[in-house]
Every structure is written in structure tokens, then in C-alpha cells.
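Inspection log for the structure reproduced underneath, given as C-alpha cells.
Rule-based calculations on the coordinates, nothing more; no lab input. Being a predicted model, the structure only gives us computed values, none of them experimental. Here Cβ is always computed from backbone atoms with ideal geometry, including for glycine, and neighbour counts include all displayed protein chains.
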Amino acid sequence: MEPFFYAMVDCNNFYVSCERVFAPALEGRPVVVLSNNDGCVIARSNEAKALGIGMGEPAFKRETFFRSHSVTVFSSNYALYGDMSSRVQQVLTRFSPEIEHYSIDESFLIMRSRDPRRLLEQAAEMRRTVYRWTGIPVCVGLARTKTLAKVANRIAKKREGTNGVWLMDGAAQVRDELAGVPVEDVWGIGRRSARKLRACGVRSALDLTRRTRDWVREKLTVCGLRTMMELQGIPCHPFEEQPPAAKSVTCSRSFGTRITRLDALEEALCAYVQRAAEKLRTRDLQAGAVQVFLSTNRFAEDPQYNGSGCLPLDRPTSHTPSLHRKALSILRDIYREGYKYQKVGVLMLDLAERGQRQLTFDDYRNAPDETRRDSLMKTLDSVNARFGRDSLRFGGAGLGRKEWHMRQRRLSRRFTTSWAEIPQVR
DNA sequence: TCTGGGGTCCTAGGACCC
DNA sequence: TCTGGGGTCCTAGGACCC
């Protein structure tokens, strides 16, 4: 068997890069993309990073700065990013059949060769091809474990002269590189763990590999231990070509303005239940329980309230009206008057694949009902697939523009997925 | 006025059982 | 004077990821 390397392919400033594909004039200029509700900065071009704009900064605090530095600002456009992501993934598949789509902008590939130089050439070719075919710039890091491949990717991105590709192998090279990686930049080490580690004198990734396993396990539990071993070149994270089935499905949004009335919350919740139920059906899943949560704005001075409740369903379902009913009864139960609410959300829990559960006598009795509901949902989904999301929807979510809807003041078009939004050529 | 959304896994502690 | 031990399951909270 040929020795193999993990290749971590990461799109550079992905959301910004997607916007630039359709606005090439923004190349070389500062650009940021905001989170839902135009809340905070979640993607920055290199020029925006150079201006000192931080990840996660609230957008409203930077309005003036954006204007005075001619920063182009976009609302997030997940229809566009999701579609661009699958295009990138399609290209990557040509370079290795063993591929794990890790996130919207990252993939792990297994690449096999006896000759590391040959691998570097392949990775460089992959990078060029992705850019030529999709317009998205990527960097590639190669190493013996996923965590080390992430480190290599970071170097490919940051270091001058790598051409966006870096391979890390051999004990001496790995040791030298890890010495230059701050421990908080290691994949799997978050803010809390980093603080704990620094307090104990662990500053670099190399420092971490030099502690005993017992010590690391005690400080950071088995998660930290796995990270440490991966840094030592021992693979602990499985390679998952088939993503495991989802265990929960969530839909929640912050409101465009604060909401106090129960009926407005009910409308919003209906809309989120619809979306969550659609997600269930596209994955062929059914929920066994529904959870609803409700919260005020934690940054405000106003009185705070967080409510949540969970109810089981009589039997697992992905039928929107049944899920609506259950969710609304939870909401009415946890709702308290007199608060300014910022967010409501729904979680579908105890998910099971359709047809994978034990049937009961009731199921036989209800079979005709069940069939009718299924075919109604199927029709609904196929109409929406053909004519666009929400062409057909439930009345409970209300009609027209609502105060709870998200702010999306700077949304670009769904260039690649919506015929209606393709710019007209004159 | 304005601070995202959607996930997973691990652990500790309590309930419960024999 | 004295109040078992071991196992499983569930849940809430914490930490992490992108």
C-alpha cells in the first residue's frame, strides 16, 4: 500500500471570494461579509484584515469605519455560497476519490504517493484547476494526520513563497513547524483550553506535544488528548467520506427588531418549523421530539429571559402541520409577557430515518392518514423545488414583510441558483 | 436601533435498577 | 453502632468547530 497523506483544502476567505467571482472589480479591495441579520463580520478579504477588522466584530460599531475606508459590505448569501461550495467539491473529486466534505469551505482528501514531490505537484495542479474552473482561490496543506494537515494549510496560507501549497513530513520538520504555531491556533484548542494551557506554560503546539498524555487528558479531557496525539503524527480523527446521519436539525434566527407579542413570535416560529421540516424531508428523516427556545437580547440592559421546552411526538414525523402544532404548544407554555425577545428557534430531536422504526398497531390504523400527509408534503416540496423556496407555504408564518424578518440590506443576487435573479442583459 | 446560525462530543451528576 | 456496590441511562452544561 502506498503511503498516504491527508490534504486539507481550504477556500481563502470563502464568502468574500464567492462575492468577488461576481464582482471582479472588488479584487484587491477591502470586502467583508456579515452574519445573518447583518449582525457581525464573518468573512474578511485580506485587505479588510489588514485594516484591522476583526472576526466577529459587530457591524454597527464599524459603520463609519467601513464608509471612511471604502469597505464593501455584503449580507450573507448562503444560496450562493452553498452552490459555489459544491462546485469546488466537484472539482476536488477529480483529484482524489477519497474525499471528506468537512465544512462549506474545507475538504479533506486522501492523497497517495511514495514521492512527496509528486504530491506537491498534484496539489498545485488541484489548486490551479479549482481557481480556473470556479474562480475560488484555495490553499492546500499536506501531512500525516488531519490536525497536522490543518497546520500545513495554515502555513500554506500565511507564509511567503509557498504558492498556496505546503507539505509537512518527517519528525524534524514537524517539530520545527510546530514550534512556530501558537497553541490557540491548533485545530481543537479553543479559547478556554488555550487560556488553561498558557497558564501552565504551554504556548506552542510543540509545547503541547511534550507534555505527558495523562497530563493532557486531565487538563483537556480525551478531546485534547486526541489533538495532542494527532500533533505527534498519530491519527485519531476518523476519515469520514459518508457524513454520519444528523442527530438534530435546528432553525432559528434573530429578529430584525425586538418582538414582544406572542402572535409575532408564533409567526416566526411557524416559518422556522417549516424550514426545519423541509430539511428533515430532504434528508429522509423524521423527528421524535421537538424543542423550542426563546430568548431576549443578552447584550441589552433590558430584563433577561431564556425559556425552552421539549415535547415528544406521538410518533416520529416530518409532517409540517404536526410539527407546527407541537412547537406552538411549547411556545405558548414558555412565553412570558413583558420581555423584548430577540430570538426564537426550533430543534428537531430524536431523529430517525424514515421506515427504520418499529411499527405499532396504531401505525396500521393510521396508515391511510400517514400516506395522505406524506403525499401532501411531497407535493409541497416538489412545487417549491420547481418554483423556488416558499412559493407554496403555510399561512401561519404570515404574508408580506414582517418586523421579525432578518435585516439583509446588502444582499447580492443568487447568481448561480435562481433564474429570476440573473442580471438582465440589455 | 444594531452583537449569527447550526452542529457535535464529552463529562459529571442524578435517577434508577438489581 | 449502623446506612452496598456496580451498572446503565438521561440530562444539562461546557467546549469546540465552521
Checklist line | Sequence of A:Thr212, A:Thr162 once ranked by neighbouring C-beta atoms within 10 Å, starting from the fewest | finding: A:Thr212, A:Thr162
Next item on the list: Would you work out the relative contact order for chain A, in percent, from Cα pairs under 8 angstrom that are 6 or more residues apart?
Entry: 16
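Would the range A:283-325 count as rounded, prolate or oblate if I go by the C-alpha gyration tensor, calling it rounded below 1.5 in a/c and otherwise prolate when a/b exceeds b/c, oblate otherwise? Intermediate values should be presented prior to the final figure.
On the way: a/c = 3.69, a/b = 2.95, b/c = 1.25.
Prolate is the answer for the range A:283-325, as a/c is 1.5 or above and a/b outweighs b/c.
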Check: Which residue, A:Ala23, A:Ala152, A:Ala172, tops the fluctuation ranking in a GNM of chain A built on C-alpha contacts under 10 Å?
Finding: A:Ala172
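Pull up the DSSP beta bridges for chain A and report the antiparallel fraction as a percent, rounded to 5.
So the antiparallel bridges in chain A amount to around 90 percent.
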Note to self: Quick check: convex hull of the Cα atoms in chain A, volume per residue, rounded to a whole Å³?
What the structure shows: 200
Next item on the list: Could you tell me the distance between the Cα centroids of the range A:307-383 and the range A:213-228, to the nearest Å?
Entry: 40
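Rounded to a whole number, what is D in µm²/s for the range A:83-154 from Stokes-Einstein with the Kirkwood radius over alpha-carbon pairs (4 °C, 1.567 mPa s)?
104
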Next item on the list: Would you kindly give the portion of the calculated P(r) for the range A:1-160 that falls above 25 Å, as a percent of all Cα pairs?
Entry: 35
Next item on the list: Could you state the angle between the C-alpha long axis of helix A:361-387 and the longest principal axis of the C-alpha atoms of chain A, as a value from 0 to 90 degrees rounded to the nearest 10?
Entry: 70
Notebook entry, point to check: Can you give the convex hull volume per residue for the Cα atoms of the range A:229-378, as a whole number of Å³?
Noted result: 165
Checklist line | Residues A:Tyr6, A:Tyr272, sorted so that the one with the fewest Cβ neighbours within 10 Å comes first | finding: A:Tyr272, A:Tyr6
Next item on the list: Principal axes first, then extents: for the Cα atoms of the range A:360-420, list largest minus smallest coordinate on each axis, whole Å, largest first.
Entry: 54, 28, 18
Item checked: Straight-distance crosslink candidates among lysines, where the alpha carbon sits under 16 Å from A:Lys343 and sequence neighbours closer than 8 are dropped -> A:Lys402
Check: Setting aside same-chain residues fewer than 8 positions from A:Lys157, which lysines have a Cα under 26 Å from its Cα?
Finding: A:Lys49, A:Lys146
Note to self: As I understand it, the value is the acute angle between the Cα axis of helix A:262-282 and the longest principal axis of the Cα atoms of chain A; what does it come to in degrees, rounded to 10?
What the structure shows: 60
Next item on the list: Grab the beta carbon distance between A:Asn163 and A:Arg191, set R0 = 35 Å, and tell me the FRET efficiency rounded to 0.05.
Entry: 0.65
Margin query: Quick check on the exposure proxy: order A:Met229, A:Met84 from fewest to most C-beta atoms within 10 angstrom.
Written below: A:Met229, A:Met84
Item checked: the range A:174-247 - Rg over Rh from alpha carbon coordinates, Kirkwood radius -> 1.01
Checklist line | Kirkwood-based shape ratio for the range A:126-263, expressed as Rg/Rh from alpha carbons | finding: 1.10
Checklist line | Rounded if a/c under 1.5, otherwise prolate or oblate - the range A:267-343, Cα gyration tensor axes | finding: prolate
